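Everything below concerns the one structure shown next.
Read-outs: derived from the displayed coordinates by stated rules, not from any lab. Here the structure is a predicted model, which means the values were calculated and not measured. Don't worry about glycine lacking a Cβ; one is built from the backbone with ideal geometry, like all the others, and counts go over all protein chains shown.
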Amino acid sequence: MIVPAKLMQRIAMATLAFAFSTAALAQSAPPAPAKPPEVPRAYIPGLEQFMGWIQTHHAKLWLAARERNWELAAYQLGELKEVMGDTQELIPNYKSLPIGEMIDAVITGPITDLEAATEARDLKKFIAGYDKLTENCNSCHSAASRGFIVIRRPTASAFSNQDFAPARK
Ligand code: HEC
């Protein structure tokens, strides 16, 4: 095939133009961004993870009180409060629900009653407070369209590696 001279010239010009433009691009390319410093990424657990911890302390609280291990019951109450506080701080809102405020509304009262019952070593009062707390766990689940998550008194220990009876001193 014979390529006409005019066409040859056009191809040559185009090739040259392309070469120039890539050179210009290479020159004007912005400097590579500095590598960001290596810091650990902040990890915020999801609400269901906080709830898992809350469930553990809720269960252990019952198992301790049932054995009249008031020291351990007080400890579990403290842990329960701590996780509730962390939840309020880190997940104040969940799917447009003011979870933080809801926790205050339904949990603070029963926890105060449970603290008083534990302090007084009063099992009857403790059971009343525990049932109220549990009822309120479930009322929040219903309010949050999670009515299928139903909490109740533990029927047995899920922690066979922990003795809930008071330690013999
Ligand atoms: C302020 C509202 C609120 C209160 C109070 C509350 N929950 Fe929840 N809980 C939720 C919501 C919302 C979910 C669903 C979270 C999701 O789907 O990410 C949940 C989920 C759960 C789950 C399911 C997680 C799983 O892995 O199975 C358990 C268990 C649970 N809650 C236990 C409790 C217990 C025990 C209490 C009371 C001591 C309690 N919750 C009190 C709002 C609440």
Highest mean first, what order results for 41-53, 134-146 on Cβ atoms within 10 Å? 134-146, 41-53
Lys, Arg +1 and Asp, Glu -1 on Cβ, resulting dipole of the stretch 47-143 about Cα centre, debye, nearest 20: 340 debye
Using amide H atoms built 1.01 Å from N in the peptide plane, name the residues 5+ places from Y94, or on other chains, whose amide H lies under 5 Å from its own. I99
Would you kindly give the portion of the calculated P(r) for the stretch 30-169 that falls above 26 Å, as a percent of all Cα pairs? 32 percent
Binning every alpha carbon pair distance of the stretch 108-148 at 10 Å from zero, what are the percents per bin? 33, 41, 21, 5
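Quote the relative contact order of the stretch 44-94 in percent (integer), defining contacts as alpha-carbon pairs under 8 Å separated by 6+ residues.
Over the stretch 44-94, the number comes to 43 percent.
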